[in-house]
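Structure, as structure tokens:
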Amino acid sequence: MKERFINVFKTHLSQLIEWRTPWLILGLFGGMIATAIVSSYEAELDRILPLAFFIPVMVYMGDAVGTQSEMLFVRELTMGKMRLGLYLFREFIVDVAMGIICATLLYFFALIVLNDATIATTVGVALMIIMSTAGVLATLLSSLLVRFHRDPAIGAGPFTTIVQDIASLLIYFAVASYLLI
């Protein structure tokens, strides 16, 4: 691809399929890795079943922050030059603040629903870490695509999503292993 950004209305459908499909296949393989990660914690999940209840929220919130960040980053790219270091610093501060807010809400939800302060703390801490790192990770991965002359609008979504999913699971289970297991 010669252009950094493609025009979907000027590009043949077969070319769009050719450009987009590899990213989705990469995501599929990443999903297989994510499945393997979760299955490797089967014994712990059997022992502490409520950990499984929070997997969707951990993965979703990491993806949501990452998607917001990558879309804002791509929009900034189209507007001209930017200082990546400053952008990443600002993104991190915003992500930490959002992480604290959402983690606090999830902590109290888990505490009320499960009546277990240790699990509530585990999910709260894990969510705060996941959200605090998701935007920077998505931005760095998107900037990497730009550096290699790939349109981040095509690759960033599937690529950053699966990397973030895997990172979210690893963070969640690392925190759970430290605090519970």
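The values are calculated or read from the model by the stated rules, or taken from the named source; none is laboratory data. Keep in mind it's a predicted model, so treat the numbers as computed, not measured. Because the Cβ atoms are built from the backbone with ideal geometry, glycine has one as well, and the counts that use them run over all protein chains shown. These area figures cover heavy atoms from the full protein model, side chains too; ligands, DNA and RNA do not enter into them. Shrake-Rupley method; radii C 1.70, N 1.55, O 1.52, S 1.80 Å.
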*Could you provide, to the nearest whole Å², the per residue accessible area of the chain with probe 1.4 Å?*
57 Å²
*Simple label model, 7 Å out from Cα along Cβ direction - I101 to N7, nm*: 3.9 nm
*Normalised by the residues of the chain, what does the relative contact order come to in percent, with Cα pairs under 8 Å and at least six apart?*
37 percent
*Could you tell me what percent of the accessible area of the stretch 1-114 is made up of carbon and sulfur, with a 1.4 Å probe and every protein chain present?*
69 percent
*Semi-axes of the equivalent ellipsoid of the stretch 87-134: what are they in whole Å, largest first, if each equals the square root of 5 times a C-alpha gyration tensor eigenvalue?*
24, 8, 5
*Pulled fully out, how much extra length does the chain show between D46 and N115, if you take 0.36 nm times their separation in residues and subtract their Cα-Cα distance?*
23.0 nm
*Taking the structure as given and computing P(r) over Cα pairs in 5 Å bins from 0, in percent, which label from (i) 1, 8, 13, 13, 15, 17, 16, 10, 5, 2, 0, 0; (ii) 1, 8, 16, 18, 17, 14, 11, 7, 5, 3, 1, 0; (iii) 1, 7, 13, 15, 16, 11, 7, 5, 4, 3, 3, 3, 3, 2, 2, 1, 1, 0, 0, 0 fits?*
(ii)
